[in-house]
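The values are calculated or read from the model by the stated rules, or taken from the named source; none is laboratory data. Note that this is a predicted model, so its numbers are computed, not measured. Please note: Cβ atoms are built from the backbone with ideal geometry, for glycine as well, and neighbour counts cover all protein chains shown.
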Amino acid sequence: MAHLFDQTYTRRELLDLIGDMSQVAHARKAELTEGNERGADLIEVFNASGLCFSVLPGRALDIASAHYKGISLCFRGNTGDVGPAFYEPQGYGWMRGFYGGLVLTCGMTFTGHPETDPEEENEELGLHGRASFLPAKQVYTGGAWEGDEYVVRVCGKMREAVVFGTNLELTREISTVLGEKCLRIHDRIHNQSVDRSPLMFVYHCNPGFPILDEGSRVVVNSEKTTEWLEDQVVGPEAYATATSPVPEAHDDVYVHRPVADADGNAHVALINDRLALGIYWTFPQSEMPLISNWRHFHRGTYVMGIEPGNVSMLGRAWNRENGYLQHIEPDEVREFHMEIGILDGEEEIKAFEAKVG
C-alpha cells in the first residue's frame, strides 16, 4: 500500500484516481547533448512522496542531483554533469568532473589523494579512482507493482578493466518505493580477473545548502573518530556542528568507526534543526566499517562529504597501516547495500537519534 498525501491507498484505490502510474512515480531517460555533459545522459526518477533524483548512466549510474519537495539535498559543483569522455585520470584531474551530487562512486581499486603504491601497481593512482567515470551498459529503468508496493528501479553494469590486469564488474540497482522518502542502492562487485585486486569502494555523498548550513549537525554513533593529518582521536566537538562559509579554503577529514545496531546496521545523518529536516544513511556495518566525513566550508564551494565505505578516503598507505585495506579474489563477489532517506519533522529526527543511540 502507498502512503501519499497523508493517506494510505491500496493499489486499486490509487489506480482509480490516476490515468497512468507516471502521475505518481516514474523513471524516464533523456540525453544530455551540450558541452562537456555529452555522454553523461540522464535518468530522472520521480516519487510523489516528494523525493526526486537524477541518475547519470554515463557516470556509473551515480546520483548527480536530488530534491525533496523542491529542496535541494546536495551540493552541485560548477563543472556540470561531465561526460565520461572528458575524464582526466592523472593527479587531481578527477576534480574537473566533480559535480558533487548526492552519490558519486569512488574506487573500485583506489580512493584517496594521488598516490603510488609500490606493493601493487607501482604507478600513480589518480584522485579517488576511475569508478565514477565508467559508463553503464545494459541499463534498465522501469516501475512495477510488487505485491502492494509500486517500485521504481534503475539498473546497469559498469566495468573497470585493463588488459593483463584489473577486471571488476559492478552491477548496480537503485530503487525507490512509491510513497517512501528514501532510495536504496544495491551494488555487486565481481572480480572477473584471474588475479586478486585491491578493493576500495566508497560512496562520496555530498549534502549541501540548505540542509548544510550554520548549526547543522552530524549525528553518528562512532566507537572511535580520528582526524586525517595526525590520526589523533577527536570528539564530537571537532566534527558535529557545521559553521557558516569561511573566506579561506580549508579542508578537514574525520574518520568514524560507526557502531552497529542490533540488526548490524550503521547510521549517520546530517540534520538542520531550523528546517526540521535531515538526510540519513543506513548500511550494514560489516560491509562498510568506516565513514569518512569531509568538511569544506569555503564560500562558493560550501559542501560536506558523508562517505561510507569499506575503506577510508585516505588512500592505500593509511588503510593498509590501519588494517582496512581489502582485496577481492578471482571470481569473488562482494555486495554493498545502502539506504538514503529524508527525516522530515522533529518527530522523525528524534526517532532517528534514538535509533543511533
Considering only strands (runs of 3 or more DSSP E) wholly within the stretch 145-260, the ones with at least 2 residues that are within 30 Å of Phe5 (Cβ to Cβ) and in contact with a strand residue (DSSP E or B) (Cβ under 6 Å, 6 or more places away or on another chain) are 149-161, 167-177, 182-191, 217-220
Considering the stretch 115-171, residues that are under 17 Å from Arg188 (Cα atoms) and charged (D, E, K, R), and then whichever is surrounded by the most Cβ atoms within 10 Å (Cβ to Cβ), we arrive at Arg130
Arg96 passes all but one of the listed conditions (1) part of a loop (DSSP other than H, G, I, E, B); (2) touching a helix residue (DSSP H, G or I) at 6+ places or on another chain (Cβ under 9 Å); (3) exposed (fewer than 15 other Cβ atoms within 10 Å of the Cβ); the exception is number (1)
Inside the stretch 35-50, the number of residues satisfying the requirement of being buried (at least 23 other Cβ atoms within 10 Å of the Cβ) and either at pLDDT below 95 or out of contact with any helix residue (DSSP H, G or I) (no Cβ under 7 Å at 6 or more places or on another chain) (or both) is 3
Yes or no: the stretch 78-90 includes at least one residue that is modelled with pLDDT of 95 or more, over 25 Å from Trp318 (Cα atoms), surrounded by fewer than 19 Cβ atoms within 10 Å (Cβ to Cβ) and of a type in the set (D, E, K, R). no
key: Gly101 being surrounded by fewer than 15 Cβ atoms within 10 Å (Cβ to Cβ), at pLDDT 95 or above, more than 24 Å from Glu123 (Cα to Cα) and not charged (D, E, K, R)   = no
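Just the residues that are of a type in the set (A, V, I, L, M, F, W, C) and surrounded by 22 or more Cβ atoms within 10 Å (Cβ to Cβ), please, taken from the stretch 178-211. Don't jump to the end; show me each part of the working.
To start, the set of residues in the stretch 178-211 that are of a type in the set (A, V, I, L, M, F, W, C) comprises 178, 182-183, 185, 189, 194, 199-202, 205, 209, 211.
Listed by number, the residues that qualify are Leu178, Leu183, Ile189, Met200, Phe201, Val202, Cys205, Ile211.
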Practice item. Scan the stretch 305-325 and give yes if some residue there is in a strand (DSSP E or B) and surrounded by fewer than 22 Cβ atoms within 10 Å (Cβ to Cβ), otherwise no. Key: no
Residue match in the stretch 217-239 (condition: over 21 Å from Leu314 (Cβ atoms), in contact (Cβ under 8 Å) with a residue 24 or more places away in the chain and of a type in the set (Phe, Trp, Tyr)): no
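Take the residues in the stretch 329-357 that are more than 15 Å from Met288 (Cβ to Cβ) and β-branched (Val, Ile, Thr); name whichever of them is surrounded by the most Cβ atoms within 10 Å (Cβ to Cβ).
Ile342
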Do we have any residue at all in the stretch 243-253 that's in contact with a Ser or Thr (Cβ under 8 Å, 6 or more places away or on another chain) and either surrounded by fewer than 19 Cβ atoms within 10 Å (Cβ to Cβ) or not charged (D, E, K, R) (or both)? yes
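Name the one entry in Ser286, Ser292 that is in a loop (DSSP other than H, G, I, E, B) and either free of Cβ contacts under 8 Å to residues at least 12 places away in the same chain or not charged (D, E, K, R) (or both).
Ser286
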Reported set for the stretch 224-279 where residues are more than 28 Å from Glu347 (Cα to Cα) and among the aromatic types (Phe, Trp, Tyr) is Trp228, Tyr254
Would you confirm whether or not the stretch 326-342 contains a residue that is touching a residue at least 12 places away in the same chain (Cβ under 8 Å) and farther than 30 Å from Leu125 by Cα? yes
Checked the stretch 2-33 for anything assigned to a loop (DSSP other than H, G, I, E, B) and under 23 Å from Gly156 (Cβ atoms); matches are Glu31, Leu32, Thr33
Exactly one of Glu120, Glu146 is out of contact with any His (no Cβ under 7 Å at 6 or more places or on another chain), among the acidic types (Asp, Glu) and over 26 Å from Lys29 (Cβ atoms), and that one is Glu120
Flagged pairs (Cβ under 9 angstrom, 6 or more apart or on separate chains; first in the stretch 241-255, under 15 Å from Gly215 (Cβ atoms); second of a type in the set (Lys, Arg) and surrounded by 11 or more Cβ atoms within 10 Å (Cβ to Cβ)) are Thr241/Arg217; Ala242/Arg217; Ala242/Arg295; Thr243/Arg295; Ser244/Arg299; Pro245/Arg299; Val246/Arg299
